[in-house]
Amino acid sequence: MQNKQSHDLVIIGAGPAALSAALYTSREDIETLLFEKGAIGGLAAVTDWVDNYPGFAKGIAGLDLSEQMRQQAERFGAKIELGEVQAIEDRGQLKKLTTTEGDIYAKAILIATGSEYKKIGVPGEEQYYAHGVHYCATCDGAFYRDKKLVVVGGGNSAAQESLFLTKFATHIDMLVRSKLKASDVLIKELEKRRDKITIHLNTSTDEIVGNPPSGDPPTGGKVTKVIGTDTTNGNKVEFPTDGVFVFVGLRPNTGFLSDTGIELDERGFIKTDEHLMTNVRGVFAAGDVRSGATLQIASASGEGATAALMIREYLEAMERGPMPEVVGHPSLY
């Protein structure tokens, strides 16, 4: 009988890749536990509207998509616990996970921790966080109804979120360090909203200025302007604003892997082989945390399903007997 602290599979995270994997594994009677330290659904849950997920011709709210994925995985027996995995230790046939809820063990692990929003690291960014500086338009955009905003970034996320923020803001200044890197479709949509969005190319963001919050815990605080530089001529520029939304990319949630021996690429994403297995046998990765991922909800879900099938093969191989030590594990066996 399996110890209650030992599991067939522990999935770290509960975003689209994790929930898709859990759906497949639990449906095949692989006892599956998901550990999530934040929101069920990950970044998908705070995405206002998802237009490019197959099967939803009219689109679907990110929160609704995440909730449907959760319910489907739980219907087949997957268990979700809130808590944080702090470390992984390879103990051969079993892997030890140090968590905020105590130590647990698993025959296999799937890391699907996704990514988080990058910060720009300028004066005022930390000081005014949640007091005028934000990273989620869906979460905080409604606070700025009939206000002026600055959006920092020039990629797909910056374009999508700027378009969303036009529901609330009277005007948006979009500060792009070099040139727009958003898709052609999104650039065309931005052009249609010139009445509300002004794009400033070759403009750096140097400082966020305002009246700082005070007290313990700090309250109040108000952003009043953003100071930047027109990099074509070196002149300083200022943008009066009521709030700043930063969308400059994502950083993988892999900090807890620093002492595990799991290989990461130069940007901190997890390296895997063709089976989505890391260099540590029995530890897999899928979704936005994996090196080479396309950072799309649909592809993350597909990777979760693929990882589930690879994990099933791995566990079946374990049942057949001890696996040989193979450097680089060119196969699952």
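Couple of notes before you dig in:
- On the stretch given as region 201-213, residues that are among the hydroxyl-bearing types (Ser, Thr, Tyr) and at pLDDT below 75 total 0.
- Here region 163-192 is the region considered, the condition is being touching a residue at least 60 places away in the same chain (Cβ under 8 Å) and assigned to a helix (DSSP H, G or I), and the residue that is surrounded by the most Cβ atoms within 10 Å (Cβ to Cβ) is Leu165.
- Residues of region 283-313 that turn out to be over 19 Å from Gly255 (Cβ atoms), surrounded by fewer than 24 Cβ atoms within 10 Å (Cβ to Cβ) and touching a strand residue (DSSP E or B) at 6+ places or on another chain (Cβ under 8 Å), as a count: 1
- Residue in region 132-151 that is out of contact with any strand residue (DSSP E or B) (no Cβ under 8 Å at 6 or more places or on another chain) and of a type in the set (Ser, Thr, Tyr) present: yes
- If you go through region 90-106 and keep only what is within 18 Å of Glu31 (Cβ to Cβ) and in a loop (DSSP other than H, G, I, E, B), you end up with Gln93, Glu101.
- Test result for Tyr24, surrounded by fewer than 18 Cβ atoms within 10 Å (Cβ to Cβ), in contact with a helix residue (DSSP H, G or I) (Cβ under 6 Å, 6 or more places away or on another chain) and on the phi < 0 side of the Ramachandran plot: no
- Region 27-48, subset among the aliphatic types (A, V, I, L, M) and part of a strand (DSSP E or B), residue surrounded by the most Cβ atoms within 10 Å (Cβ to Cβ): Leu34
- The sole residue among Asp140, Asp64, Asp51, Asp146 that is acidic (Asp, Glu), more than 24 Å from Met277 (Cα to Cα) and either touching an Asp or Glu at 6+ places or on another chain (Cβ under 6 Å) or buried (at least 16 other Cβ atoms within 10 Å of the Cβ) (or both) is Asp140.
- Answer from Gln72, Gln160, Gln68 - the residue that is within 30 Å of Glu313 (Cβ to Cβ) and either in contact (Cβ under 8 Å) with a residue 24 or more places away in the chain or in contact with a Pro (Cβ under 6 Å, 6 or more places away or on another chain) (or both): Gln72
The values are calculated or read from the model by the stated rules, or taken from the named source; none is laboratory data. Worth saying up front: this structure is predicted, and the values here are computed from it rather than measured. All Cβ positions, glycine included, derive from the backbone under ideal geometry; neighbour counts span all protein chains shown.
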